[in-house]
Structures are given as C-alpha cells and as structure tokens.
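The values are calculated or read from the model by the stated rules, or taken from the named source; none is laboratory data. Computed from a predicted structure; not experimentally measured. With ideal geometry, Cβ positions are generated from the backbone for all residues, glycine too; neighbour counts draw on all protein chains shown.
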There are 2 protein chains.
Amino acid sequence: MKEYVVPTPKRRRGRPPAGESNTRERILYAAIDEFGEAGYDGATMRAIAARADVDAALVHHYFGTKADLFGEAVGAPMRPDVALPEILAGPQSEVGERIIRYLLESWDKPEVQRRGVALMRTALGNRLTTPLLAGFLSREVIGRVSGTLDSDDAQLRASLVASQIAGLIVARYVIKLPALSHASIDELVERVAPTVQRYLHG
Amino acid sequence: MKEYVVPTPKRRRGRPPAGESNTRERILYAAIDEFGEAGYDGATMRAIAARADVDAALVHHYFGTKADLFGEAVGAPMRPDVALPEILAGPQSEVGERIIRYLLESWDKPEVQRRGVALMRTALGNRLTTPLLAGFLSREVIGRVSGTLDSDDAQLRASLVASQIAGLIVARYVIKLPALSHASIDELVERVAPTVQRYLHG
C-alpha cells in the first residue's frame with residue numbers, strides 16, 4: 001500500500017519534518033493516482049498538488065511541466081515530446097529520416113528497450129492504462145507534429161506516422177520479428193523514413 | 001480447472017462413451033497446452049494428438065491444419081492465413097490496396113474487433129504469449145507473403161508490412177487515436193496502401 005505522510009502539526013512534533021525526497025515522492029504518488037483517474041488530458045497540476053497536499057508551485061518546482069511529471073510517473077524511458085521540437089525544426093525534406101533514426105537509436109539502447117517494452121506491455125495489455133498512453137501521445141506527440149503541418153488533415157497525417165512508429169516498436173522490440181530485429185538502424189531508416197515523409201508531406 | 005476425460009475401459013464401462021463434442025474439446029485443450037509450451041513452430045499435430053490421447057488423423061479430421069487448430073485454440077476472430085492466397089494472387093500492382101482493405105473491412109466488424117482487440121491485448125501484454133503470436137505471424141502470414149517475393153530481402157519486406165499492419169491495428173482499434181478511428185476505410189486505404197506496396201515491391 002502507498003503511504004501518504006500527511007504533515008499534521010501533531011505528527012511533526014513527534015518525528016523529524018518530512019524531507020525533500022518525501023515530498024517529491026508524495027507528489028509522484030498523487031500524480032499516479034490523478035493520471036490514472038482523470039486521464040492525461042483531464043489531470044491538472046492543481047489537482048495533483050491538492051492530492052499531495054502541497055502548493056501547485058511546488059509540483060512545478062520539482063517536476064516541471066505536466067508532460068515531465070507524467071514521464072516520471074510512468075517511468076518513461078525516453079521523452080519524444082522533449083526531442084520533437086529539434087527533430088521538427090530541421091529541414092522538412094528529411095524529417096521522416098530524423099524521426100525514425102531518433103526512434104531506433106533510442107530504443108536500441110538496452111535500458112530504454114527494457115523499460116520501453118515493459119511500458120508498452122502495460123499500456124496495451126490493460127484497458128485501463130491504454131487511454132493514458134493515448135492521451136499523452138495525442139497531446140504531446142501527435143499534437144506537436146500536426147502543429148507543424150499546414151493542412152486540414154494534419155491530425156490524420158500525424159496519427160498515421162504514430163501508427164507506423166507504434167508498429168515498428170511492436171514488431172522489432174515487443175514481438176521481435178526476426179527480420180526486423182536483425183536489421184540495422186540504417187537499413188530500417190532507409191525503408192521506413194520515406195513512409196513517414198509521405199504521411200507528413202506527401 | 002480443465003478436465004481431461006481419459007477414456008480408460010474402466011470408466012467407459014461406468015458411463016456412456018465420450019461423445020464427439022467431448023473429443024473435440026479434449027483436442028482443443030491439448031492444443032492450448034501444447035502451443036503454450038512448445039510455441040507455434042514447435043507444436044506438432046502428433047504431440048497434440050498424444051496429449052489428447054487420440055490418433056493424429058482425428059486431430060486433422062476435426063480441425064484441419066495446424067493453422068486451423070491454432071485459430072480455434074486462440075479464438076482468432078479472422079484468419080489472415082486463409083485469406084492471403086487470394087489476396088496475393090491478384091494483380092501485383094494493387095496488392096497493397098487489397099491487403100489494407102481486407103484488414104480494415106475485417107476489423108471494422110464489431111465482433112472481429114471485440115475479439116481481435118482482446119487477443120492483441122493478451123498477446124502483447126503477456127511475455128509468455130507474445131512468442132506464440134510471433135510464431136504464427138512469422139510462419140503463416142510473413143512466410144506466405146515473402147514466399148511470393150522474388151528477392152533476397154523478402155523476409156524483411158514482408159516484416160515491414162507486418163509492422164505497418166500491427167501499427168494500424170494498435171492505433172485505430174486498441175489505442176483508438178481519434179483521427180484514425182474516425183477515418184473511413186477508403187481514406188485509410190488511400191494513405192496506407194502505397195506504404196505496403198512500396199515495402200513489398202518498391
């Protein structure tokens with residue numbers, strides 16, 4: 001069971017004041033509960049602060065943005081939302097290549113892969129956690145990508161990119177189809193980058 | 001708990017002989033155990049028959065091929081391996097379109113979608129069942145597709161198609177990204193079929 005240390009005056013008198021790591025942990029547990037109940041879009045920093053019985057400014061102080069806090073709460077092994085601005089800012093004609101190379105170079109790292117696969121299994125295997133993944137992806141990844149596109153179908157274009165990326169992760173790292181597991185990053189970039197490029201700008 | 005009715009002479013004397021539905025069910029349970037322990041490639045009809053204490057010919061009589069029996073054992077809502085020969089036999093220039101249209105028309109049916117999503121969640125969420133899905137896909141789907149390609153990289157090409165298909169299923173039916181859930185079959189065929197076509201023949 002999770003234990004929230006509520007800093008009432010009485011308990012404070014009886015033991016040393018809760019330290020920084022304790023407050024940080026309490027906010028993290030509050031965030032896990034809030035994200036789980038309200039979903040990614042529905043969760044607010046204010047509600048998380050209220051659950052943890054701290055000021056909202058303290059939540060920002062410890063964790064930064066809502067996306068940062070979410071990343072900590074789910075133990076995200078990589079932060080596509082943080083990497084995306086730079087990836088999207090480069091030459092448009094090579095954005096597909098940059099996206100796929102970033103994806104594969106990140107996931108090929110053993111630690112990212114281990115935690116990433118565990119996170120994918122949890123998010124896809126459980127009907128309660130799937131919407132949480134969907135909410136984060138929609139807001140922080142698909143939203144950012146579609147925001148750079150000047151077309152009516154920007155959401156669909158960005159979502160198609162997400163579908164190929166999700167499929168590549170599932171096929172190479174979760175199901176581990178032999179031909180995909182054994183392919184080099186360069187080989188996969190060569191084959192898959194044009195797909196992403198076409199979905200975005202074709 | 002599963003109950004195997006073992007037809008020993010003694011028990012036969014005491015109760016009516018096991019009927020057809022009983023034998024069929026016993027084979028099905030034996031198949032579930034055998035697939036679970038040996039994986040798709042490792043499981044043999046002979047071993048399944050031995051587990052069920054019946055002749056191998058009876059397994060074929062009730063269930064057909066190993067792929068048929070696997071489909072029954074996992075409650076597969078569609079049979080890509082059965083549909084593929086016809087899909088692959090048509091004009092090569094439109095094979096991408098036929099594959100994506102078949103996929104979406106199948107999964108858009110509520111009953112297929114309901115069972116398909118449950119199966120995907122189980123197969124991806126559990127590290128014990130993932131290899132079973134991988135084995136079936138590799139042998140019966142990727143193997144069939146790559147068998148029609150006359151190139152050294154046929155396995156990689158077919159596996160890339162599998163990655164886009166897996167991603168489309170995950171994004172449209174499991175995660176339900178809004179732009180993909182709301183898109184029509186025709187719209188998605190128009191966007192995704194060229195990807196499949198290029199992976200196979202580009």
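Being outside any helix (DSSP H, G or I), surrounded by fewer than 16 Cβ atoms within 10 Å (Cβ to Cβ), in the same structural domain as B:MET120 (by TED's automatic domain parsing) and not aromatic (Phe, Trp, Tyr) is a condition met by no residue of region B:94-107. Are any of the residues in region B:125-135 more than 17 Å from A:VAL170 (Cα to Cα), small (Gly, Ala, Ser) and surrounded by 16 or more Cβ atoms within 10 Å (Cβ to Cβ)? Checked region B:125-135: no residue is more than 17 Å from A:VAL170 (Cα to Cα), small (Gly, Ala, Ser) and surrounded by 16 or more Cβ atoms within 10 Å (Cβ to Cβ). Within region A:191-202, the only residue that satisfies the criterion of being more than 11 Å from chain B (Cβ to nearest Cβ) and more than 24 Å from the chain's Cα centre (by Cα) is A:HIS201.
Among residues that are in contact with a Leu (Cβ under 6 Å, 6 or more places away or on another chain) and not hydroxyl-bearing (Ser, Thr, Tyr), B:ALA123 is included.
With respect to the conditions (1) over 30 Å from B:VAL192 (Cα atoms); (2) among the hydrophobic types (A, V, I, L, M, F, W, C); (3) under 21 Å from the mean Cα position of the chain (by Cα); (4) modelled with pLDDT under 90, B:VAL5 falls short on a single one, namely (3).
Of the residues making up region B:64-83, those that are small (Gly, Ala, Ser), closer than 17 Å to B:LEU28 by Cα and over 8 Å from the mean Cα position of the chain (by Cα) are B:GLY64, B:ALA73, B:GLY75.
Considering only region A:131-142, I want to know if a residue exists there that is in contact with a Lys or Arg (Cβ under 7 Å, 6 or more places away or on another chain), small (Gly, Ala, Ser) and in the same structural domain as A:GLN197 (by TED's automatic domain parsing). Yes: region A:131-142 contains one or more residues that are in contact with a Lys or Arg (Cβ under 7 Å, 6 or more places away or on another chain), small (Gly, Ala, Ser) and in the same structural domain as A:GLN197 (by TED's automatic domain parsing).
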